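No lab work stands behind these numbers, since they all come straight from the coordinates. Only a predicted model underlies this, so the values are computations on that prediction, with no experimental measurement involved. In this analysis, Cβ positions are derived from the backbone assuming ideal geometry, glycine residues included, and neighbour counts consider all displayed protein chains.
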Amino acid sequence: MGFAVRQVIHTTGEIALTAGAIGLLFIGYLVWGTSLRAASAQRQLGSELNQQWQQAPARGDAVEAGPEQFHLSTGEPFAFITIPAFGPHWRFTLIQGTAMAQLDVSPGHVPGTQWPGQVGNFAVAGHRVTAGNPFWSLPSLRSGDLVYIQTKLDNFTYRVTSEKQVLPTDVGVLDPVPGHPGQRPVQRLITLITCNPAWTGTHRVIVTGVLVSAKPR
Amino acid sequence: MYGWLWHRLPGNVPARTAAMTLIVLTVAAVLWYAVFPWASVHLPVDASGFGG
């Protein structure tokens, strides 16, 4: 073989090996890097939220009479979510918005859906994998499992009632009365969303719950 | 590619090894802190959002 041919084969091999190494590094980033990033974002969001709550007037002050109001810009934290079925250490902040930029740091409130405790449908989406795998165990939730949402003024408890799998285009699950657009809601629901199977974007797991208690903090 | 780079690095073998390691680490850091965060947002890895 001529020198040039050998040189081409040699360089091609080196490029292929380099691409493989970069690919492995990227997988490492998705598994560990994104979780580290999300964990530090969670710490920051959590302390930001606690600080806001301490500064803001609590319920009982005349200013805050009536149901809790939410006026948030994208990326702002507004609540903590706790699901005992996911283990004693599982807790995340909830932020406004569910674009990749938000999901990469925290589960988010789907814009346009209702807020915690409101009549209608409070929808939350989170990553199944990457970013700390917040909703890794979502498909394992069963009817009767509890979901706690802590906001500035209230502790809301939702009880899981159903779980199903849908296509990403089936946005009816976000309706105030899921699957019945335009219908007037009477129930106070929560909808938790993540992708299924893990690592893909082909389907969504939808877990629905109903509000069973709302206590002022 | 790597041979070409190796021959252009100055100094003896330990110095070249050190320089080579530094280059590889720098490239890895740029990938990890700049390229991968950007790529993970634009690739359909775990698209848990909804409605497109």
Query raised in the report: Using bins 10 angstrom wide from zero, how does P(r) for the protein assembly as shown break down, in % of all Cα pairs?
Result: 6, 25, 28, 16, 10, 8, 5, 2, 0
**Report entry** Angle in degrees between helix A:3-28 and the longest Cα principal axis of chain A, rounded to the nearest 10
**Finding:** 20
Report task. Go through the stretch B:26-42 residue by residue and turn each phi into a ³J(HN,Hα) via Karplus (6.51, -1.76, 1.60, θ = phi - 60°); whole Hz please, and just put x for glycine and proline. Result -> 5, 4, 4, 5, 4, 4, 5, 9, 10, 6, 5, x, 5, 5, 5, 6, 8
Requested in this report: List, largest first, the extents of the alpha carbons of the stretch A:1-123 along their principal axes, each in whole Å.
Outcome: 88, 29, 29
Report task. Can you put A:T82, B:T21, A:T191 in order of Cβ neighbours within 10 angstrom, beginning with the fewest? Result -> B:T21, A:T82, A:T191
Query raised in the report: Amide H neighbours of A:N121 under 5 Å, counting only residues 5+ apart in sequence or on other chains, H built in-plane at 1.01 Å?
Result: A:Q114, A:L189
Query raised in the report: Which ordering of A:S137, B:S40, A:S106, A:S40 is given by a fewest-first count of other beta-carbon atoms within 10 Å?
Result: A:S40, A:S137, B:S40, A:S106
Requested in this report: Per residue of A:15-22, count partner chain C-beta atoms within 10 Å of its C-beta, then hand back the mean as an integer.
Outcome: 2
Report task. Provide the net charge surrounding A:V160, with neighbours chosen by a C-beta distance below 15 Å and charges set as Lys +1, Arg +1, Asp -1, Glu -1. Result -> +2
**Report entry** Total formal charge among the other residues, if their Cβ is under 13 angstrom from that of A:L211, Lys/Arg +1 and Asp/Glu -1
**Finding:** +2
Query raised in the report: Extent of the stretch A:78-152 along each principal axis, from alpha carbon coordinates, in Å, largest to smallest?
Result: 29, 28, 22
**Report entry** Shielding by partners, peptide B:35-46 (average Cβ within 10 angstrom, other chains)
**Finding:** 6
Requested in this report: Relative to the longest principal axis of the C-alpha atoms of chain A, give the angle of the C-alpha long axis of helix A:34-55, reported between 0 and 90° and rounded to the nearest 10°.
Outcome: 20
Report summary line: Scoring chain A by relative contact order with C-alpha pairs under 8 Å, at least six apart, yields a percentage of 18
**Report entry** Pair-distance profile P(r), taking every C-alpha pair of chain B, with 10 angstrom steps and integer %
**Finding:** 21, 31, 21, 16, 9, 3
Query - Within the protein assembly as shown, helix-based [θ] at 222 nm, where runs of 4 or more DSSP H residues each add -39,500 (n - 2.57), nearest 500 - result: -10000 deg cm²/dmol
Requested in this report: Enumerate by residue number the trypsin sites (Lys or Arg not before Pro) in the stretch A:119-154 meeting two conditions: DSSP loop (anything except H, G, I, E, B), and at most 16 other Cβ atoms within 10 Å of the site's Cβ.
Outcome: A:R142
